[in-house]
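Take a look at the structure below.
The values are calculated or read from the model by the stated rules, or taken from the named source; none is laboratory data. Just so it is clear, the model here is predicted, and its values are computed rather than measured. Because the Cβ atoms are built from the backbone with ideal geometry, glycine has one as well, and the counts that use them run over all protein chains shown.
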Number of protein chains: 2
Amino acid sequence: MTNSTVKPHHHGDLREALISSGIELLEEGGITALTLRKCAARAGVSHAAPAHHFEGLQGLIGAITNRGMTMFAKAMQGKIDATDGLPFPTLFAMCEGYLSFFIENQALANLMFNQKSEVMTTSTTGRSNNSAFKILVSSCAPFKHGPMGHQATEYAVWSLIQGFSHLSIMGQISCTEEQPQICFADLLSILNLQVAD
Amino acid sequence: MTNSTVKPHHHGDLREALISSGIELLEEGGITALTLRKCAARAGVSHAAPAHHFEGLQGLIGAITNRGMTMFAKAMQGKIDATDGLPFPTLFAMCEGYLSFFIENQALANLMFNQKSEVMTTSTTGRSNNSAFKILVSSCAPFKHGPMGHQATEYAVWSLIQGFSHLSIMGQISCTEEQPQICFADLLSILNLQVAD
DNA sequence: TATCAAACTTGACAGTGTAAAGATGATAAA
DNA sequence: TTTATCATCTTTACACTGTCAAGTTTGATA
């Protein structure tokens, strides 16, 4: 075995199976349902098996966060790919994907954004591994930036969609429960954004 | 004892003491440090005593959320009271108090806003008991509202400051770490707000 | 075939929430 | 003052959790 793809012995690919089980449990019963022992049981292994793949529960949560981030990026990119590529439709599609991911993966989204793991941090390595963050940045790029530069635009858009998504799934905001995307469009229009020359 | 102030028998006021202990534990060791048994120990009672005052751990968390909401409202109102009362300074002060509370009570703020308890809900009774929400609404009132009315303005401001506060304490946003209020001012200026005639 | 390291199991332990039943003590009625 | 009552709190018990240590199995390699 000289290549980099590690072929496990017994289970097949326990590490990935445990992550999948974890996400399932998360969506079925929320954060309190996510336990190492239940993940192990669902993957058909003993309760101590996960210890050989993750550094405790926190390690599994970190791995789940990583998996979640690729799902998250895919959700946003999928919406963006369905547009004509113009600045405003692209920005809105990005936000649409952001919000959709939160609604369709409530517990997972909450777990991810209440985490201070590597990919969720402002660290350079975290950012370079975070394609979701890159999508956000590139969606904001075509617009005029104020005196504080592109970062202020990015943070404004990010804060707005993050806050809206979070408050929505927490039931603290209720405009149109069926289609909150429509409601968010009004909020986005309050932002003073103009396409750069 | 015909008046409404209940005088407890043994402890004095165990219920409030447990809430205080809970908030302490929360700030000292984060959400994982908040356990019924530790709260009980800190209050000097047996581990099963809390059951007579709260419906399990979830009940205690609800009570902590309520206590936290009054602290939260006080933080915002305090900043507002120090202004001249004009619309923009008042709005900014409200946001300043919002952010300050998150920074100074990270674990508590996280607990509160990851909760679907009564006060945090869009229900009428929840809203009427939530002075923090009223402060937000009144801070947004003086401004011109778009075609979607005052609610769109409120949700835009709320989402922006909630998202920014949340991402800040999670270390996912870093403009000026010492004084993030200054950074938020730039974001708030991107919002297209004008004082109504 | 023998070796050996990785993958997994077994057993144990301290914490946790929660329930049931008993003890305590403040209040109110006698 | 004495007694009865009941909310308050304690004790005991149980299932579940994360984590550790030791043993066992497995499959690739020599």
From the options B:97, B:85, residue that is more than 14 Å from chain A (Cβ to nearest Cβ), modelled with pLDDT of 95 or more, in contact with a Gly (Cβ under 7 Å, 6 or more places away or on another chain) and farther than 19 Å from residue A:162 by Cβ: B:97
Does the stretch A:83-106 contain any residue that is closer than 26 Å to residue A:15 by Cα, crowded, with 18+ Cβ neighbours inside 10 Å and among the small types (Gly, Ala, Ser)? no
Name every residue in the stretch A:142-167 that is in a loop (DSSP other than H, G, I, E, B), facing another protein chain (nearest Cβ under 9 Å) and touching a helix residue (DSSP H, G or I) at 6+ places or on another chain (Cβ under 7 Å), in order of residue number. A:146, A:148
Right, residue A:102: part of a helix (DSSP H, G or I), within 14 Å of chain B (Cβ to nearest Cβ) and more than 16 Å from DNA strand C (Cβ to nearest atom) or not? yes
Select from the stretch B:118-140 the residues that are more than 10 Å from chain A (Cβ to nearest Cβ), polar (S, T, N, Q) and over 11 Å from the mean Cα position of the chain (by Cα) and list them in ascending order. B:124, B:125, B:128, B:129, B:138, B:139
Residue check: is residue A:26 touching a Cys at 6+ places or on another chain (Cβ under 9 Å) and either surrounded by 16 or more Cβ atoms within 10 Å (Cβ to Cβ) or closer than 30 Å to residue A:189 by Cα (or both)? no
Any chance the stretch B:116-124 includes a residue that's β-branched (Val, Ile, Thr), closer than 24 Å to residue A:113 by Cβ, in contact (Cβ under 8 Å) with a residue 60 or more places away in the chain and out of contact with any strand residue (DSSP E or B) (no Cβ under 8 Å at 6 or more places or on another chain)? no
Given the criteria away from DNA strand D (no atom under 16 Å from the Cβ), at pLDDT 95 or above and touching a Leu at 6+ places or on another chain (Cβ under 9 Å), does residue B:56 qualify? no
For the stretch A:30-47, indicate whether the set of residues that are away from DNA strand C (no atom under 14 Å from the Cβ), without any contact (Cβ under 8 Å) to a residue 12 or more places away in the chain and assigned to a helix (DSSP H, G or I) is non-empty. no
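Residue by residue, here is whether (1) at pLDDT below 95; (2) surrounded by 15 or more Cβ atoms within 10 Å (Cβ to Cβ); (3) under 20 Å from residue A:183 (Cβ atoms) holds:
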position: B:130; (1), (2), (3): yes, yes, no
position: B:133; (1), (2), (3): no, yes, yes
position: B:140; (1), (2), (3): no, yes, yes
position: B:156; (1), (2), (3): no, yes, yes
position: B:160; (1), (2), (3): no, yes, yes
position: B:177; (1), (2), (3): yes, no, no
position: B:180; (1), (2), (3): yes, yes, no
position: B:193; (1), (2), (3): no, yes, yes
position: B:197; (1), (2), (3): yes, no, no
Tell me which residues, restricted to the stretch B:176-197, are facing another protein chain (nearest Cβ under 7 Å) and closer than 24 Å to residue A:102 by Cβ. B:187, B:190, B:191
Hey, residue A:102 closer than 30 Å to residue A:191 by Cβ and not small (Gly, Ala, Ser) or not: yes
Within the set of pairs 6 or more residues apart or between chains, which connect a residue that is not assigned by TED's automatic domain parsing to the domain that holds residue A:26 inside the stretch A:65-85 to a residue that is among the acidic types (Asp, Glu) and part of a helix (DSSP H, G or I) with Cβ atoms less than 7 Å apart? A:79/A:96
If a residue has to be farther than 17 Å from residue A:154 by Cα, part of a loop (DSSP other than H, G, I, E, B) and touching a helix residue (DSSP H, G or I) at 6+ places or on another chain (Cβ under 9 Å) to count, how many in the stretch B:178-197 make the cut? 2
